[in-house]
1. State the Kirkwood hydrodynamic radius of the protein assembly as shown in Å, one decimal place, computed from all pairs of distinct Cα atoms.
2. May I ask you to derive the relative contact order of region A:156-286, considering only C-alpha pairs under 8 Å and at least 6 residues apart, and to give it as an integer percent?
3. What angle, in degrees between 0 and 90 and rounded to the nearest 10, separates the Cα long axis of helix A:2-17 from the longest principal axis of the Cα atoms of chain A?
4. Counting only other chains, and only Cβ atoms inside 10 Å, what mean value do you get across the residues of B:106-113?
5. For the pair residue B:122 and residue B:207, what calculated FRET efficiency results from E = 1/(1 + (r/R0)^6), where r is the Cβ-Cβ distance and R0 = 35 Å, to the nearest 0.05?
6. Please work out how much length the chain gains when fully extended from residue A:280 to residue A:17, using 0.36 nm per residue of separation minus the C-alpha to C-alpha distance, in nm with one decimal.
7. Which residue fluctuates most in the GNM of chain B (Cα springs below 10 Å): B:188, B:179, B:281?
8. Run lengths n ≥ 4 of DSSP H only: what is the helix-derived mean residue ellipticity at 222 nm for chain A, with -39500 (n - 2.57) per run over all residues, to the nearest 500?
């Protein structure tokens, strides 16, 4: 276990020393500080939210408490950004330890390739999760202290966002381990994030491109065989605030209730991608 | 006791999905490395030296054949637990210092943190990098990186040490220090498996060597046995042989050469040898010793490779 912890620790350190995670930490801190300084309840009515003195909304927006609506927006926008920034920050961590001259050093150590892979993956995930937790807890405290809103759903979103990233990262990991190229891993991850969004709304766009049942079935299969990023994000969003307005719900694609189904499908598909990565890694000559 | 044993080990690298190509790196390699010896693996570039070490440490996998290290089959974690490895062209994370690098690889080796720092500092001292312990390794020269690599390979006090071109880029003083260190390790019982193309160094420290060419072992033996010239002897005499005397000897046995008190003789059998001895004794020249004539390892290596190519 000591060896695995060593790899985990080294991976976190590598991610930090390369500067990307530090940059994310600084960005997260700045956002938290801006909200900590700028947001407050109006002293006039103790209901209206002010942001640097500008009245931003009242208690109710689209059938939802204004602070919840704000938190939902913060979560929704941040989770999308985290997927992409996380991809840039960690896509290189898998190919980098497979470089000639580095792979030999790791592979000749007394730990199995499976454990080496898992430790490396957890190290990369740990670096991103630490940022997600820092940002979420920071914003949760700001909204709690300044507005008196202690949203446990928003706090829980740190876990769901990290889990979503773990599923999303499977694409970059598989690409990175096969091609040993950071560039390809980033391109594949980015392409998948676009594809995932399109698959989520396939009934509205992709199905209309070609009215063919086989094509529609193929898109359905692809949707269920790959991590469902938007579905996971929207499901976790219901824990923060429920949109009572059906039109608004349809527009934002947020379901009425939290559901584990996208997490289950994504776990299975990401699990299969990770299993493939491990299988390839275990058999490859370095 | 045999530490490393390979049996008909072969490795074929395949690449290309559509246009398949194959490169045979090792072909039926059978070697044994005994406990406590320094074993040198020699060969021209692309002979398969690095492939063999990588297979022994499960960095690559054999295509056929078998091998054991400490009687454990390849892939066993206990092999890697008891081994140290300095790969060729190793690359360490440049954002770490020398000490941090050793600490990090020590942890990955499963070593305890408390003892690890002392061990790392002691090794940095041994390889002459103590003053550079806290400098980022991106500032290290090639030779310093080699020394750091050696320290890394020694972190777990290995029973067998695999070194791939350990003195590559190291200055002459550093090379001597590394040779001394390897001798000291051998004296303490460590088995050393050395890949090198610097034959003069191999000659100085290796107990046995194997010569590999195009993936095949073409010769295995002690350095003495490999460098020994068949039918060629050196007579060490008490006084100089004059030119005239040498000419007379050449009439009896052509191919005789003199060099001060040394006489080089090519004798195919005992009769020819005794003819020379009788001649010298008749001239009252005392013979101090007769030894086989030896070439340098480099000469023997080149001869063997040329013979193989022919």
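1. Numbers: mean 1/r = 0.0343 Å⁻¹.
Hydrodynamic radius (Kirkwood, Cα only) of the protein assembly as shown equals 29.1 Å.
2. Values: 127 pairs, mean separation 42.3, N = 131.
With pairs under 8 Å counted, the relative contact order is 32 percent.
3. Approximately 60 degrees, to the nearest 10.
4. Details: counts 2, 10, 16, 7, 9, 3, 1, 2.
Shielding by partners across B:106-113 averages 6.
5. Values: r = 27 Å, r/R0 = 0.77.
The calculated FRET efficiency here is 0.85.
6. Values: separation 263, 0.36 × 263 = 94.68 nm, distance 2.85 nm.
Gain in length upon complete extension: 91.8 nm.
7. Top of the fluctuation ranking is B:281.
8. Values: 13 runs with 207 residues, N = 286.
Calculated at 222 nm, the ellipticity per residue is -24000 deg cm²/dmol.
The numbers here are math on the coordinates, done by the rules we state, and not lab data. Note that the structure is a prediction, hence the values are computed from the model and not measured. Here the Cβ is made from the backbone with ideal geometry for all residues, glycine too, and neighbour counts use every protein chain on show.
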